Amino acid sequence: MSGPAIAFDHVHLISEEPHAAAAWYQDMLGGEIAASYETRGAVQIRVTFGAVTILIRGRRPGETPGPKTELQTFNDYVSHDQWGTDHFGFSVAGDLRQLCTDLKAKGAELAVEPYEFLPGRTIAYLKAPDGVTVELTEAAVDA
């Protein structure tokens with residue numbers, strides 16, 4: 001496919017005990033805890049393995065996580081509240097909104113249309129086979 005360059009970005013986990021989970025990835029597998037911060041009301045910890053990143057976050061206010069289920073609608077995605085692998089992400093070097101338009105033209109379905117998640121940071125979520133969700137993150141452009 002010509003157009004934006006796509007590169008693997010991260011795996012995102014939701015953990016009941018994010019600090020313990022991050023320590024496990026560090027102690028058992030040699031990951032490096034590269035950052036720990038709060039976002040959207042929950043701790044988020046970045047564990048790196050060279051170029052591979054695992055993001056581990058805790059429970060957000062109002063969430064009541066349960067076992068994994070397949071996401072069928074946008075509302076399922078917004079309120080899915082499940083422990084474990086939330087999604088994995090690709091960084092898109094190029095126009096994310098155009099890529100999403102092109103993907104939909106090929107028959108792909110978006111769980112969440114592109115939106116500005118943080119200032120200057122556009123993301124979208126793509127439905128993949130077997131109930132997998134793929135985050136597409138527009139790569140930051142250096143000023």
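The values are calculated or read from the model by the stated rules, or taken from the named source; none is laboratory data. This one's a predicted model, so the numbers in the text were calculated from it and none came from an experiment. Glycine also receives a Cβ, built like all others from the backbone with ideal geometry; neighbour counts cover every protein chain displayed.
For this structure, a couple of remarks:
- Only one of the numbered conditions (1) at positive phi; (2) touching a strand residue (DSSP E or B) at 6+ places or on another chain (Cβ under 7 Å); (3) at pLDDT 90 or above is violated by D81, and that is (3).
- Test: residue in the stretch 117-134 that is modelled with pLDDT under 90 and in contact with a His (Cβ under 7 Å, 6 or more places away or on another chain): yes
- For the stretch 21-39, residues that are modelled with pLDDT under 90 and either surrounded by fewer than 15 Cβ atoms within 10 Å (Cβ to Cβ) or touching a Lys or Arg at 6+ places or on another chain (Cβ under 7 Å) (or both) total 4.
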